Structures are given as structure tokens and as C-alpha cells.
Amino acid sequence: MRLITLLIALMTTFGAQAETPQLQAARLLHDKSCTSCHIRMYGQDGSKMYTRDGRLLSNKLEIQQRVASCNATVNAGWFPEEEESVADWLNKHYYRFDN
């Protein structure tokens with residue numbers, strides 16, 4: 001229960017209240033299943049995974065494919081709709097691709 005309260009407080013603090021419930025849920029999925037691996041790879045909060053020079057993704061489809069691959073790799077157990085919402089959240093916050 002404390003974890004849920006903490007997550008809600010953090011989301012409110014960082015402006016997540018402006019996001020749709022679907023994107024809020026996507027952020028929680030991402031934070032639960034992706035962040036620890038990204039921190040091991042890039043340090044700090046792991047966001048350098050998305051902002052580094054020479055990143056390989058160049059459109060929304062590639063984000064969706066990468067999310068699906070990571071989902072399978074870490075056995076997160078996400079449904080396709082969850083993969084899509086995490087890809088949408090990543091695009092909104094890091095990539096900002098139109099296509």
C-alpha cells in the first residue's frame with residue numbers, strides 16, 4: 001500500500017496528472033519492468049536509454065517493436081494493448097515521432 005501511495009505522489013509531483021489514465025498505467029508498467037535494466041545499462045534513472053546519441057529507433061513502429069522485444073526478454077507478461085500504451089508513453093515523453 002505504501003508503494004502505491006508513493007507512486008501516486010510521484011506521479012502528481014512530476015505532472016503525470018495531465019496524462020490520460022492509459023498513459024499513467026503505461027508509465028507504471030514501464031517503471032516496474034524496464035527501469036531496473038536501463039539503470040544497470042546506463043546508470044542514474046535509466047532514461048539515457050532513450051536520449052543517448054546514436055539511438056537506433058526512428059519511428060513509432062520501431063518503438064512498438066522494441067517494447068515487444070523487451071517485454072519478451074524480461075518476461076513482463078504484458079498484453080499487446082499494454083505494449084502499445086508503453087510505446088505511446090515512451091513516444092510522448094522521449095521520442096516525439098509523428099509517424
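Heavy-atom accessible surface of residue 37, to the nearest 10 Å², is about 40 Å², with a 1.4 Å probe and all protein chains retained. Within a straight-line Cα-Cα reach of under 21 Å, residue 32 can be paired with the following lysines, leaving aside sequence neighbours fewer than 8 residues apart in one chain: 48, 92. Taking Lys and Arg as +1 and Asp and Glu as -1, the other residues whose beta-carbon sits under 10 Å from that of residue 39 total +1. Taking other residues whose beta carbon is less than 11 angstrom from the beta carbon of residue 68, and scoring Lys, Arg as +1 and Asp, Glu as -1, yields -3. Of the solvent-accessible surface of the stretch 43-99, computed with a 1.4 Å probe and all protein chains present, 47% belongs to carbon and sulfur.
The values are calculated or read from the model by the stated rules, or taken from the named source; none is laboratory data. Here the structure is a predicted model, which means the values were calculated and not measured. Here the Cβ is made from the backbone with ideal geometry for all residues, glycine too, and neighbour counts use every protein chain on show. Keep in mind that these areas ignore ligands, DNA and RNA; they rest on the heavy atoms of the full protein, side chains included. Shrake-Rupley method; radii C 1.70, N 1.55, O 1.52, S 1.80 Å.
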